[in-house]
Amino acid sequence: MCGQGRSSIELMRHGDTGQVSYRGRLDDALSPLGWTQLREASAARHWDRVVSSTLQRCAAFATELAASRGVPLRLDARLVEYDFGQWQGVPIARLQRDSPDALRRYWSDPERHAPPFAEPFAAFRDRVTQALDEIAGDCRGGTTLVVTHGAVIRLLRCLVEARDFGDMIHIDVAHASLHPLAWSGRTPAA
(Lines give C-alpha, C1' and ligand atoms only; values in the text may rest on other atoms or scores of the structure.)
Protein backbone atom coordinates (compact mmCIF):
# COMPACT_ATOMS: atom_id res chain seq x y z
CA MET A 1 0.00 0.00 0.00
CA CYS A 2 1.13 3.50 -0.79
CA GLY A 3 -0.25 5.79 1.87
CA GLN A 4 -0.95 8.68 -0.54
CA GLY A 5 -4.67 8.25 -0.31
CA ARG A 6 -7.26 5.59 -0.27
CA SER A 7 -8.00 3.96 -3.63
CA SER A 8 -11.09 2.02 -4.52
CA ILE A 9 -12.11 -0.08 -7.50
CA GLU A 10 -15.51 -0.44 -9.10
CA LEU A 11 -16.14 -3.02 -11.82
CA MET A 12 -18.66 -2.43 -14.60
CA ARG A 13 -19.84 -5.00 -17.11
CA HIS A 14 -20.19 -3.88 -20.72
CA GLY A 15 -23.66 -3.26 -22.11
CA ASP A 16 -25.81 -5.41 -24.35
CA THR A 17 -24.41 -6.58 -27.68
CA GLY A 18 -27.58 -8.24 -28.96
CA GLN A 19 -25.96 -11.69 -28.71
CA VAL A 20 -27.20 -14.65 -26.65
CA SER A 21 -24.13 -16.85 -26.57
CA TYR A 22 -20.77 -17.04 -24.86
CA ARG A 23 -18.98 -14.24 -26.71
CA GLY A 24 -15.55 -14.64 -25.12
CA ARG A 25 -12.90 -13.12 -27.38
CA LEU A 26 -15.32 -12.31 -30.19
CA ASP A 27 -15.07 -8.55 -30.63
CA ASP A 28 -18.72 -7.49 -30.74
CA ALA A 29 -19.85 -3.90 -30.83
CA LEU A 30 -22.39 -2.60 -28.36
CA SER A 31 -26.00 -2.52 -29.49
CA PRO A 32 -27.91 0.79 -29.19
CA LEU A 33 -29.47 -0.68 -26.02
CA GLY A 34 -25.97 -1.42 -24.68
CA TRP A 35 -24.88 2.18 -25.16
CA THR A 36 -28.03 3.40 -23.39
CA GLN A 37 -27.51 0.98 -20.49
CA LEU A 38 -23.92 2.13 -19.94
CA ARG A 39 -24.66 5.84 -20.24
CA GLU A 40 -27.55 5.57 -17.77
CA ALA A 41 -25.53 3.48 -15.29
CA SER A 42 -22.66 5.97 -15.31
CA ALA A 43 -24.61 9.25 -15.48
CA ALA A 44 -24.54 10.16 -11.79
CA ARG A 45 -21.25 8.45 -10.93
CA HIS A 46 -17.72 9.83 -10.52
CA TRP A 47 -14.43 8.05 -11.17
CA ASP A 48 -10.89 9.41 -11.17
CA ARG A 49 -9.60 7.06 -13.86
CA VAL A 50 -10.86 4.33 -16.17
CA VAL A 51 -9.22 1.02 -17.06
CA SER A 52 -10.86 -1.16 -19.68
CA SER A 53 -10.71 -4.42 -21.56
CA THR A 54 -9.44 -3.93 -25.09
CA LEU A 55 -12.51 -5.56 -26.66
CA GLN A 56 -14.70 -2.92 -28.29
CA ARG A 57 -17.82 -3.71 -26.26
CA CYS A 58 -15.88 -2.32 -23.29
CA ALA A 59 -13.24 -0.06 -24.84
CA ALA A 60 -15.57 2.05 -26.98
CA PHE A 61 -17.66 3.11 -23.99
CA ALA A 62 -14.62 3.51 -21.71
CA THR A 63 -12.99 5.79 -24.29
CA GLU A 64 -16.12 7.91 -24.58
CA LEU A 65 -16.56 8.10 -20.80
CA ALA A 66 -12.95 9.03 -20.04
CA ALA A 67 -12.91 11.69 -22.77
CA SER A 68 -16.21 13.24 -21.64
CA ARG A 69 -15.08 13.32 -17.99
CA GLY A 70 -11.49 14.36 -18.65
CA VAL A 71 -10.03 11.42 -16.72
CA PRO A 72 -7.15 9.12 -17.67
CA LEU A 73 -7.91 5.93 -19.61
CA ARG A 74 -5.82 2.78 -19.87
CA LEU A 75 -6.74 -0.22 -22.02
CA ASP A 76 -5.52 -3.54 -20.65
CA ALA A 77 -5.75 -6.78 -22.66
CA ARG A 78 -5.55 -8.82 -19.44
CA LEU A 79 -9.13 -7.73 -18.72
CA VAL A 80 -10.64 -9.35 -21.83
CA GLU A 81 -13.29 -12.02 -21.44
CA TYR A 82 -12.56 -15.69 -20.83
CA ASP A 83 -11.82 -17.57 -24.05
CA PHE A 84 -14.66 -20.10 -24.30
CA GLY A 85 -12.93 -22.07 -27.07
CA GLN A 86 -15.38 -24.02 -29.25
CA TRP A 87 -18.33 -22.61 -27.32
CA GLN A 88 -17.69 -19.01 -28.43
CA GLY A 89 -20.55 -17.76 -30.54
CA VAL A 90 -22.68 -20.87 -29.97
CA PRO A 91 -26.14 -20.00 -28.64
CA ILE A 92 -26.49 -21.18 -25.05
CA ALA A 93 -29.81 -22.86 -25.89
CA ARG A 94 -27.95 -24.99 -28.46
CA LEU A 95 -25.28 -25.91 -25.90
CA GLN A 96 -28.03 -26.89 -23.47
CA ARG A 97 -29.60 -29.07 -26.16
CA ASP A 98 -26.44 -30.60 -27.70
CA SER A 99 -23.99 -30.72 -24.76
CA PRO A 100 -26.02 -30.58 -21.54
CA ASP A 101 -23.61 -32.75 -19.51
CA ALA A 102 -20.53 -30.78 -20.57
CA LEU A 103 -22.30 -27.49 -19.86
CA ARG A 104 -23.46 -28.71 -16.43
CA ARG A 105 -19.90 -29.86 -15.57
CA TYR A 106 -18.48 -26.50 -16.65
CA TRP A 107 -21.02 -24.57 -14.58
CA SER A 108 -20.36 -26.68 -11.49
CA ASP A 109 -16.53 -26.71 -11.75
CA PRO A 110 -15.03 -24.38 -14.40
CA GLU A 111 -11.52 -25.08 -13.11
CA ARG A 112 -11.62 -28.75 -14.06
CA HIS A 113 -14.25 -28.84 -16.82
CA ALA A 114 -13.46 -26.08 -19.30
CA PRO A 115 -15.17 -25.93 -22.69
CA PRO A 116 -13.32 -27.70 -25.54
CA PHE A 117 -10.17 -25.76 -26.54
CA ALA A 118 -10.94 -23.01 -24.00
CA GLU A 119 -8.39 -20.93 -22.14
CA PRO A 120 -7.05 -22.85 -19.13
CA PHE A 121 -8.91 -21.54 -16.09
CA ALA A 122 -5.67 -21.02 -14.12
CA ALA A 123 -4.31 -18.83 -16.93
CA PHE A 124 -7.54 -16.80 -16.92
CA ARG A 125 -7.36 -16.36 -13.14
CA ASP A 126 -3.67 -15.39 -13.28
CA ARG A 127 -3.98 -12.74 -16.00
CA VAL A 128 -7.03 -11.13 -14.39
CA THR A 129 -5.54 -11.06 -10.88
CA GLN A 130 -2.26 -9.63 -12.22
CA ALA A 131 -4.21 -6.81 -13.86
CA LEU A 132 -6.14 -6.12 -10.64
CA ASP A 133 -2.96 -6.13 -8.56
CA GLU A 134 -1.55 -3.45 -10.85
CA ILE A 135 -4.74 -1.38 -10.75
CA ALA A 136 -4.93 -1.65 -6.94
CA GLY A 137 -1.26 -0.71 -6.67
CA ASP A 138 -1.89 2.66 -8.31
CA CYS A 139 -0.92 5.10 -5.55
CA ARG A 140 -2.92 8.09 -6.74
CA GLY A 141 -5.95 7.46 -4.54
CA GLY A 142 -9.49 8.01 -5.75
CA THR A 143 -11.75 5.60 -7.53
CA THR A 144 -10.94 3.51 -10.60
CA LEU A 145 -13.66 2.23 -12.90
CA VAL A 146 -12.76 -1.09 -14.54
CA VAL A 147 -14.92 -1.80 -17.60
CA THR A 148 -14.83 -5.52 -18.27
CA HIS A 149 -16.83 -8.72 -18.83
CA GLY A 150 -19.18 -11.05 -16.99
CA ALA A 151 -16.78 -13.94 -16.34
CA VAL A 152 -14.05 -11.54 -15.20
CA ILE A 153 -16.38 -9.94 -12.66
CA ARG A 154 -17.65 -13.31 -11.45
CA LEU A 155 -14.10 -14.62 -11.04
CA LEU A 156 -13.02 -11.55 -9.04
CA ARG A 157 -16.11 -11.66 -6.85
CA CYS A 158 -15.49 -15.35 -6.10
CA LEU A 159 -11.93 -14.53 -5.05
CA VAL A 160 -12.89 -11.53 -2.87
CA GLU A 161 -15.93 -13.25 -1.36
CA ALA A 162 -14.03 -16.55 -0.80
CA ARG A 163 -16.54 -18.44 -2.93
CA ASP A 164 -15.95 -21.62 -4.90
CA PHE A 165 -15.61 -21.01 -8.65
CA GLY A 166 -18.61 -23.27 -9.13
CA ASP A 167 -20.63 -20.36 -7.67
CA MET A 168 -19.76 -18.14 -10.65
CA ILE A 169 -22.93 -19.21 -12.46
CA HIS A 170 -25.02 -17.99 -9.49
CA ILE A 171 -23.54 -14.47 -9.38
CA ASP A 172 -25.80 -12.00 -11.18
CA VAL A 173 -23.77 -9.70 -13.44
CA ALA A 174 -26.28 -7.86 -15.62
CA HIS A 175 -25.24 -5.69 -18.53
CA ALA A 176 -23.93 -2.30 -17.34
CA SER A 177 -24.06 -3.44 -13.69
CA LEU A 178 -21.62 -1.97 -11.16
CA HIS A 179 -19.70 -4.01 -8.59
CA PRO A 180 -17.54 -2.38 -5.88
CA LEU A 181 -14.46 -4.53 -5.30
CA ALA A 182 -12.44 -4.59 -2.10
CA TRP A 183 -9.28 -5.95 -3.73
CA SER A 184 -6.48 -6.59 -1.25
CA GLY A 185 -4.18 -8.49 -3.55
CA ARG A 186 -3.95 -11.65 -5.54
CA THR A 187 -5.31 -14.78 -3.94
CA PRO A 188 -2.61 -17.46 -4.15
CA ALA A 189 -3.27 -20.38 -6.47
CA ALA A 190 -4.55 -23.49 -4.69
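Structural remarks
- Criterion violated by R105 - all others in (1) closer than 30 Å to L65 by Cβ; (2) in contact with a His (Cβ under 6 Å, 6 or more places away or on another chain) satisfied: (1)
- Residue match in region 49-65 (condition: closer than 23 Å to G141 by Cα, over 13 Å from the mean Cα position of the chain (by Cα), at pLDDT below 95 and of a type in the set (D, E, K, R)): no
- Considering region 33-49, and only residues there that are out of contact with any Lys or Arg (no Cβ under 8 Å at 6 or more places or on another chain) and buried (at least 20 other Cβ atoms within 10 Å of the Cβ), the residue that is farthest from H175 (Cα to Cα) turns out to be S42.
- Looking across region 50-73, the residues that are part of a helix (DSSP H, G or I), open to solvent by 60 Å² or more (accessible area, probe 1.4 Å) and farther than 17 Å from V152 by Cα come down to T63, E64, A67, S68, R69.
- Qualifying helices (runs of 4 or more DSSP H) (wholly inside region 83-166; at least 2 residues being within 19 Å of the chain's Cα centre (by Cα) and either more than 14 Å from I9 (Cβ to Cβ) or not small (G, A, S) (or both)): 100-108, 121-136, 150-160
Table: residues versus (1) at negative phi; (2) charged (D, E, K, R).
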{"site": "G89", "(1), (2)": "no, no"}
{"site": "D101", "(1), (2)": "yes, yes"}
{"site": "R125", "(1), (2)": "yes, yes"}
{"site": "T143", "(1), (2)": "yes, no"}
{"site": "I153", "(1), (2)": "yes, no"}
{"site": "H179", "(1), (2)": "yes, no"}
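- Region 119-140 residues that are surrounded by fewer than 18 Cβ atoms within 10 Å (Cβ to Cβ), paired with ones that are not polar (S, T, N, Q) and not in a helix (DSSP H, G or I) (beta carbon under 6 Å, 6 or more apart): D133/R186; C139/C2
This table checks each residue for (1) more than 16 Å from G15 (Cβ to Cβ); (2) small (G, A, S); (3) in contact with a Phe, Trp or Tyr (Cβ under 8 Å, 6 or more places away or on another chain).
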residue: A41; (1), (2), (3): no, yes, no
residue: H46; (1), (2), (3): yes, no, no
residue: R49; (1), (2), (3): yes, no, no
residue: C58; (1), (2), (3): no, no, no
residue: A62; (1), (2), (3): no, yes, no
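- Only a single item in (1) surrounded by fewer than 21 Cβ atoms within 10 Å (Cβ to Cβ); (2) assigned to a loop (DSSP other than H, G, I, E, B) is not met by L30, and it is number (1).
- Restricting attention to region 167-176, the residues that are farther than 21 Å from V71 by Cβ and assigned to a loop (DSSP other than H, G, I, E, B) add up to 5.
The values are calculated or read from the model by the stated rules, or taken from the named source; none is laboratory data. Only a predicted model underlies this, so the values are computations on that prediction, with no experimental measurement involved. Positions of Cβ are generated from backbone atoms using ideal geometry, with glycine treated the same way; all protein chains shown enter the neighbour counts. With ligands, DNA and RNA removed, areas are computed over all heavy atoms of the protein, side chains included. Shrake-Rupley method; radii C 1.70, N 1.55, O 1.52, S 1.80 Å.
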